[in-house]
Amino acid sequence: MKITDFLGGKVTYIISHLTVMAVTVAMLVALNPAGGKIFSIYIGILYIIAAIVPLFAEYRRKREYYNLLVSGFERLDRKNLIAEIIPEPDFFEGKLLYGILKASNKACLEEINKYKELQEEYREYIEMWVHEIKTPISSSKLIAQNRRDEATDSISEELDSIESYIEQALFYARSNSVEKDYIIKEISLEKPVYAAIKRNSKQLIGAGISVSAENLNVSVYSDSKWLEFILDQLIINSVKYAREKDAFIRIEAKELSNSRMLIVSDNGIGIPENELPRIFDKGFTGTNGRLRGKSTGMGLYICRKLCEKMGISISAESELGSGTAVSIVFPRSSMTDIL
Amino acid sequence: MIVEDNKKIRDELCVFLSRNGYECEAPEDFKDIISHILSSTPHLVLLDINLPVFDGYHICREIRKKSDMPLIVVTSRDTEFDELVAMNLGADDFVTKPYNTQILLARIETVLRRAYRESKQERLVCGDFIINPSKSAFEYLGRSTELTRNEIKILTCLFEKKGSIVSRDELMRYLWDSELFVDDNTLTVNMTRLRRKLEEAGLSGVIETRRGQGYIML
């Protein structure tokens, strides 16, 4: 708060005092009292001092308070919590605004909490729904399995894809949840990788894609189920965008100086360079997705969200026409330090 | 024994498992389920978690107090947390719905093998021809031939379905279930080598190719 800004707001006060002083001095000079002109000027100076002192006192008080407010606000991460950190001012306008700010903050937080609760409720519902629907899917699968012919085999395949969409919905709900519903512990990469490959074995074998999964006896810190879901999505993508002949998917682990990396690479149709930065965005389908008409633009978005929550990073490299590689980086030192 | 409250799943599981050589019992009354399980001493319990009267976790805990019969928890809840709870309560394995039936079979087999290792010798015998998966070898007329991991799996798979055609896809899926992610070419190579080894042992023509359909062991 600058002095000029402060005085700018006091223009009427200053003008009125100056005018009154000028008139008083002029009147005194005209009356020509015993003390002469010196006395009149003396009175004028006294008047100015009396007018200026409270002005400066007020300035200092307000400057102190508002500077505290501004610097506190700048340092604050969640700006909507400002009312919680500032002290109550001791001047009237300040008190008024402080009260309003407090109340407004409170209303704002209540509103936020309301939506948090709604979202949490919704997530719980989705979670419950997903578990409910798995029972009829299970029984349908068994029924189809027990009466195997061309029709039921094809129904089984459809059931598999229903299952994978349902899984996606579940993880989407989880990725947005504020609750921590995952367990990060030391796991071997083998387990989730093998599980994800097996889960997609029908599609992989059907599409004639060869799979190599090597050097995976490496431990990382992650939630096994979440990682399995992420790998599932990556494999589904590789199958979706595979080349017609001699397609392969390679899953390998790499050791870096302070992290471990899991790379899922394929020799599929690849992603155009200008679309690459957006593939992890919500709802982004890209040229490939539109051409093949099966993309929801959700898979990779959910992967990124899940990775963010687990504190691991995911990125992709690709060359149009020759393949895509998605790498997941598990930081080592920082994770092990925490645990 | 199948402990599952959904009638359809229960019935279909029974059909599926009986077809694969297991005897099934599926109680329909869950009021005295714990004492029922304990008194009928099944070789293995497939236990659902969401059950009427008592939930599966409770049943699991109660059984473990008195018996260590093999127990697989089958549930639609699939978080690490649920798995952890089940394992802590003493379940031998944890399978999530909707399960892949082949995986379920494999899990059942593993748990049973672990529990009754002594009593069950793991050998496939047909006259003078013996397959020994644990040694990765087969014997014919007393002579033993070693096989690679892929070859023994292929042989076992064909042997288990002796007399019926096994498609290449089926064979591959069988291998994949044991983490052997072979592709089409590798399968062809493995098949040729396996046949050569069988021939050298004096077993020519036991595996026939049916064009466009797959292989059959006679």
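Miscellaneous remarks
- Take every DSSP beta bridge whose two residues both sit in chain A; close to 85 percent of them are antiparallel.
- Between 0 and 90°, nearest 10: helix B:101-115 axis offset from chain B longest Cα axis: 80
- Solvent exposure, largest accessible area first (probe 1.4 Å, DNA, RNA and ligands not counted), of B:10, B:211: B:211, B:10
- Sequence of A:48, A:86 from largest to smallest accessible area, 1.4 Å probe: A:48, A:86
- Euclidean distance of C-alpha centroids, the stretch A:234-292 and the stretch A:183-212, integer Å: 15
- Kirkwood estimate for the stretch A:185-338, i.e. one over the average of 1/r between Cα atoms, Å: 15.7
- Surface accessible to a 1.4 Å probe, residue B:5 within the full protein complex, Å²: 70
- The eigenvalues of the Cα gyration tensor, multiplied by 5 and square-rooted, give the protein assembly as shown an equivalent ellipsoid with semi-axes of 75, 29, 20 Å from largest to smallest.
- The residue among A:85, A:50, A:300 whose Cα reaches farthest toward the positive pole of the charge dipole of chain A, with charges on the beta-carbon of Lys, Arg, Asp and Glu, is A:50.
- Accessible-area composition of the stretch A:185-338, carbon plus sulfur, in percent [1.4 Å probe]: 48
- Potential lengthening between residue A:92 and residue A:11 on full extension [0.36 nm per residue; Cα-Cα distance subtracted]: 27.2 nm
- Helices in the protein assembly as shown, meaning DSSP H runs of at least 4 residues, each add -39500 (n - 2.57). Divided by all residues, the mean residue ellipticity at 222 nm is -18000 deg cm²/dmol.
- Using all pairs of distinct alpha-carbon atoms, the Kirkwood hydrodynamic radius of the stretch A:3-108 works out to 17.0 angstrom.
- The lysines within cross-link reach of residue A:10, meaning a Cα-to-Cα straight distance under 20 Å and a gap of 8 or more places when in the same chain, are A:2, A:62, A:95.
- Net dipole in debye of chain A [+1 Lys, Arg Cβ; -1 Asp, Glu Cβ; about Cα centre; nearest 20]: 1180
- The listed residues B:55, B:128, A:181, once ranked by accessible area (1.4 Å probe) with the largest placed first, stand as B:128, B:55, A:181.
- Straight-distance crosslink candidates among lysines, where the alpha carbon sits under 27 Å from residue A:191 and sequence neighbours closer than 8 are dropped: A:134, A:141, A:180, A:202, A:225, A:240, A:254, A:305, A:309, B:97, B:135, B:153
- The angle between the Cα long axis of helix A:11-31 and the longest principal axis of the Cα atoms of chain A comes to about 10 degrees, rounded to the nearest 10.
- Put simply, chain B fits an ellipsoid with semi-axes of 39, 18, 16 Å; these come from the alpha carbon gyration tensor as the roots of five times its eigenvalues, largest first.
- The shape of the stretch B:2-115 can be summarised by an equivalent ellipsoid whose semi-axes, obtained from the alpha carbon gyration tensor, come to 18, 17, 15 Å from longest to shortest.
- Occluded residues from the stretch A:164-209, i.e. those whose accessible area drops by 50 Å² or more once the chain is not alone (1.4 Å probe): A:183, A:194, A:198, A:205
- Listed as lacking a disulfide-compatible partner in the protein assembly as shown: A:108, A:303, A:307, B:60, B:126, B:157, by the criterion of no other cysteine Cβ under 4.7 Å.
- When you filter the chymotrypsin sites (Phe, Trp or Tyr not before Pro) in the stretch A:5-109 for DSSP loop state and at most 16 other Cβ atoms inside 10 Å of their Cβ, you are left with A:91.
The values are calculated or read from the model by the stated rules, or taken from the named source; none is laboratory data. On a predicted model such as this, the values are computed, not experimentally measured, just so you know. Neighbour counts run over all protein chains shown; Cβ positions are idealised from the backbone, glycine included. Areas reflect the complete protein model, heavy atoms only, side chains present, ligands, DNA and RNA absent. Shrake-Rupley method; radii C 1.70, N 1.55, O 1.52, S 1.80 Å.
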